[in-house]
Each structure stands twice: as C-alpha cells, then as structure tokens.
Amino acid sequence: MLKAAVIGIGAMGKNHARIYSDLDGVKLVALCDSSAEHASFLAGKYGCKYYADYKEMLSKEKIDLVSIAVPTSSHKAVALDCIAKKINCLIEKPIAPTLKEAEQIIRAARASKVKLTVGHVERFNPAIIELKKRLDNNEVGRVFKIDANRVGPFPSRIRDVGVVIDLATHDIDIMRYLTGSEVARLFAETEQKIHTSNEDLLSGILKFKNNAICNFNINWLTPTKIRKLYVTGEKGMFVVNYLHQDLYFYENEEIHNNLEYADLMRGVSEGKMSKFFINKKEPLKAELEHFADCVANDKKPLVSGEDGLKALEIALKLIESANTNKVIML
C-alpha cells in the first residue's frame, strides 16, 4: 500500500486529496496547508493527519508519493525538500516560475532517483488519449494546423502568474505531445485588463519544426468556459471538447482513406462528420492512478520533468515575444 500526501489543499490540492482517499493501492496519510482549519476539516473527512508546516509533516510521516499543489513560487522549495526525503513528486503545473528553478528540481529528482511528474492533466483527458491514437494511426494525414481555445471567467484565486503560465502551458504541452515535434519559432500578443499584476489575455502562434502551425486563443475575460482543440490535416479536422470529453472528425471528401493520397490532394470539400465513442473518466483521477502505478511498478511517467520544463520555456518565450513585439526563434 503506497502512502500519499498532499501539500497545498486549495482549488487543485483538495481534489488530489479526494482522489487519493479513494484510490486502490494508495492510502492518504497526511495533508498540509497553511490554513490549519481547512487542513483539519479535510483530514477529518478523509481520516488522515493534517499539518500546517510541511517540513514537520515530512519529518513525522513515511510518504511514498506526494502531490505538490502550493503556489508556483513555492514549488522549488517544497519539491527539493520532498526529493531530499526520497519522496516521489507530482508537481502541479507549471513546474516552477523560472527555468533555473525547474532545472534544479529535475536535477535533484534525477540524483535522488525518485519519480518526478508535472500535472499537465489534459494528457489524461480521454478525448485527447483517443485523438493521439488516431493521429498516430495517420487518420488525419499530415497535420497542418492546431487551434486551441481555452477561455473563461477570471479566477480570483490566481495572483502569482498570468494566463500564459497558468493556462497556455496546458496547450503548449498538448501541442508538443500530439505533433511529436518541437517549436521552431513563435510570436504572441498579450493584454492585462483585470489581473492586478500579470497578463489575462493571450493571442499567440507557434510554428513547429514539422511545419504545423498552432494558434492560441486564451483568456480570463470570457463569461463562459470554453475548452476546445481543433486539429486540421490532409484528411479532415478533429475537434476535441475537453469539458465534455467529446471527439469529432469532419472528413475532407476530396481524400479517401483507402487511397495513396500523398500526391492526390487537389482540394478540400465537406464530407461526413463522425462522433467517436469515448469511455469518459475524470482526467485527474487517471493522472493520479498513472502516477501511483509508476511508483509501484517503477515505470516512467507519461509527463516528465523535462516536459514540464519545455512547456514553461515556451510559455516564457511567448511572454517575451509579447513584451518585445518580436518573433522569437527557438
């Protein structure tokens, strides 16, 4: 039985605690939060101990894996202390506020030989899992373009980072994952309309080395929550609705799957639309099940520390591009 703990039980951490408390092969042994009242309430609900000081928790509890869901600015300090105790770590994204701090975390985990993963939870969305399988099966042919729409109301809880670090990192990671390629260059525009210290709107573009072009429409200024992804290629277009875990395919009638189409593409016309069956599941539960399985069976996590570092690097470059009004080459 693996012993789990959660450090930081705010909006995300409380969900980690909920899932660990009911996960097969895992026992939630401790929660930590600066609000002792909040930690005490949840600890009572899940039958575990609570602490206001995570260092006290680390010194008193035997822990196999931990979710770190504190503010981004505290990721490095908490992660390094956990790694020093040989505890396998899941760090909520972004991995850290700076590349230097992210690299320090990765080096420490490697030296201590503990599992390190970053909470890019969208990789565990069943619709994305199905999309990845179909892209790998060449069902859309060459990918021309990916469009990410991730918009919604302003989250008053977030103050330490802006929309690029908090939200765009999801789509940066997904785009790298789906294309299997790296970014060649990028450009972005950002605005700060409501947030007291950071940007709350991003319009950006990535050009990947495989020639796929990826657009971002991301903000905290839209009065309804939208999470959609469009993947356009030779054979048609896939559409993912993250929230409903739906996957659709709009066929390009000009190309048929049973043809050698490399030299046959002469145009695009509207074909049939298909909706695929998706076995729906809470992505965070799938993520934590995967993390526990990696720890229990010495497997490599789907999302590595290096994946978290790369998503952060591109996000910071988007901010730099917006601030300097320049195209940035990677």
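Need pairs with beta-carbon distance below 8 Å; first residue farther than 25 Å from His120 by Cα and within the range 266-292, second at pLDDT 95 or above and part of a loop (DSSP other than H, G, I, E, B); sequence gap 6+ or separate chains.
Cβ pairs passing all conditions: none.
Name every residue in the range 28-45 that is touching a Cys at 6+ places or on another chain (Cβ under 8 Å) and either under 22 Å from Glu287 (Cβ atoms) or surrounded by fewer than 16 Cβ atoms within 10 Å (Cβ to Cβ) (or both), in order of residue number.
Correct list: Leu28, Val29, Ala30, Leu31.
Considering only residues of the range 44-63 that are modelled with pLDDT of 95 or more and aliphatic (A, V, I, L, M), which is nearest to Cys89 (Cα to Cα)?
Selected residue: Ile63.
Over 25 Å from the mean Cα position of the chain (by Cα), in a loop (DSSP other than H, G, I, E, B) and not assigned by TED's automatic domain parsing to the domain that holds His170: does that describe Lys62?
yes
So, in the range 129-157, exactly how many residues are more than 25 Å from Gly267 (Cα to Cα) and among the small types (Gly, Ala, Ser)?
Selection size over the range 129-157: 2.
Look through Ile106, Ile165, Ile172 and report the one residue that is over 21 Å from Phe276 (Cβ atoms), at pLDDT below 95 and not in a loop (DSSP other than H, G, I, E, B).
Just a single option satisfies the conditions, and that option is Ile165.
Checking the structure you have, find out if any residue of the range 5-14 is in a helix (DSSP H, G or I), modelled with pLDDT of 95 or more and not hydrophobic (A, V, I, L, M, F, W, C).
Yes, there is a match, as at least one residue in the range 5-14 is in a helix (DSSP H, G or I), modelled with pLDDT of 95 or more and not hydrophobic (A, V, I, L, M, F, W, C).
Within the range 293-330, can you find the residues that are farther than 24 Å from Arg107 by Cβ and not in a helix (DSSP H, G or I)?
Passing the criteria: Asn325, Lys326, Val327, Ile328, Met329.
Does Asn252 meet the test of being modelled with pLDDT under 95, crowded, with 19+ Cβ neighbours inside 10 Å and of a type outside the set (Val, Ile, Thr)?
yes
The values are calculated or read from the model by the stated rules, or taken from the named source; none is laboratory data. No experiment lies behind these values; they were computed from the predicted model shown. FYI the Cβ positions are ideal-geometry reconstructions off the backbone, even for glycines, and counts take in every protein chain you see.
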